1. Considering only VAL172, SER106, PHE251, whose Cα is most displaced toward the positive end of the charge dipole of the chain, charges sitting on Cβ of Lys, Arg (+1) and Asp, Glu (-1)?
2. Suppose we flag trypsin sites (Lys or Arg not before Pro) only when DSSP calls them loop and at most 10 other Cβ atoms lie within 10 Å. Which is the longest uninterrupted stretch of the chain?
3. Which of rounded, prolate or oblate describes segment 136-176 when judged by the alpha-carbon gyration tensor and an a/c cut-off of 1.5?
4. Using Cα positions and a limit of under 19 Å, work out the lysines in reach of LYS54, with same-chain residues fewer than 8 apart set aside.
5. How much accessible area does THR41 have with a 1.4 Å probe, in Å² rounded to the nearest 10?
6. Can you classify segment 126-240 as rounded, prolate or oblate using the Cα gyration tensor, where a ≥ b ≥ c are the square roots of its eigenvalues, rounded means a/c under 1.5, and otherwise it's prolate if a/b beats b/c and oblate if not?
7. Rounded, prolate or oblate: pick one for segment 62-153, where a ≥ b ≥ c are the square roots of the eigenvalues of its C-alpha gyration tensor, a/c under 1.5 means rounded, and failing that, prolate if a/b is larger than b/c, else oblate.
8. Give me the lysines in straight-line cross-link reach of LYS253: C-alpha distance below 22 Å, same-chain residues under 8 apart excluded.
Amino acid sequence: MQANPQLNRNGELQHLLSLDGLPREIVLQILDTAESFASVTEREVKKVPLLRGKSVFNLFFEPSTRTRTTFEIAAKRLSADVINLNVSTSSQSKGESLLDTVANLSAMQADLFVVRHASSGAPFLIARHVKPHEHVVNAGDGRHAHPTQGLLDLFTIRHYKKDFSGLTVAIVGDILHSRVARSLIHGLRTLGVPEIRVIGPQTLQPPGVETLGVRVFSDMRAGLAQADVIVMLRLQNERMGGALLPSAQEFNKYYGLTAEKLALARPDAIVMHPGPMNRGVEIDSSVADGAQSVILPQVTFGIAVRMAVMSIIAGN
C-alpha cells in the first residue's frame, strides 16, 4: 500500500483528500496553476479545453450551494461534462450503499468524483475503491477536512501578502466543528507560517488542538494583536443552543469581529471568511463590507483553485 493515498506511484496527485501530509511542492503546484487560471475568469471566453471529453460527477451527500456551484463552474470552464447528483434525496435514501452508488456511476464512464459527505473519511473510502483512471476530490467530509477551501484560503493569503514566512494568522470562532480550520492549519504549516493562532471559547476548541502547531487564545483581543490575516469561521446557528454557547449575542460580544477589534491587528491586515456569513454574529457588516475584507475575492479565487486541482489530477 502506498504511503500517501493521494499520490500515484510517480508521486503525482491522484486524488485530493486532505492537506494533511500533502507535500509542499504539490501545494505550491496547485497555487501556481490556479494563478494561471485566475486570468481565465476575466476573459470574454472563459473556457479552456483541458478536460474536454471528461465526465465530472458532483456527488453531494449533504447540501452546499456555494461549494457545489464553484466546482460546477470550474469543471465547465475546463470543458468537462458535469453531472450534479444530490444523492441524499435519491439512491442513499433507498438504502443503496455509498460504494454501490459510486460503482454505478463508474459504469457510466466517470472520470472524476467530487464528494461531499457528512461522515469523516467517506472520500478516502471511495478513493480506495475507484478504478485507476478515476479520481476523487474531497469537497468536505464531516468535521475532518475541506482541502479545496484550505487551498483557496492559502491562495488568497498569498495573493495579498505575497510571502508566508513572516505572517501571523488568526483563525477565530468555532474551531471544534470546522473542517475549514483543520485544512487551513495543515496548509499554513506546510508553507511555513511561523505563527498560527486559534481564538475562541474553550467549548469550541478541539481537545489537544495545540498538537497541530497553533497557539490557543480564549481572549480575542490578545489573539488579534498584530495579526496579518484574520480568518473568521461560520458559527452554525443550529449549534448555538445547548452547552456549547449561551447565545449568539454573547458570542458576538466576545468573539464577533468589529471594527474596534480589527484595529488591534496590523493596519494592512486582511479579513477572510469561508462563508456563508452570519452577519452580526461572527462578523459585523461594517467589517465584512469594509476595505480590509477580501471575502468576495475568496469566492472568485475558489473557481481558479478548483480548476487547478481538477486539471492537475485529471492530467496525472
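The values are calculated or read from the model by the stated rules, or taken from the named source; none is laboratory data. Since the structure is predicted, the reported quantities are computational estimates derived from the model, not experimental observations. Note that we place each Cβ from the backbone using ideal geometry, even for glycine, and neighbour counts take in every protein chain shown. We work out accessible area using only protein heavy atoms, side chains counted, and drop any ligands, DNA or RNA first. Shrake-Rupley method; radii C 1.70, N 1.55, O 1.52, S 1.80 Å.
1. SER106
2. Numbers: sites that count: ARG9, ARG43, LYS162.
The segment 163-316 is the longest one with no such site.
3. Oblate.
4. Result set, ordered by chain and number: LYS46, LYS76, LYS131.
5. Approximately 30 Å² of THR41 is accessible to the 1.4 Å probe.
6. Here segment 126-240 falls in the oblate category.
7. Since a/c stays below 1.5, the shape of segment 62-153 is classed as rounded.
8. Within reach: LYS261.
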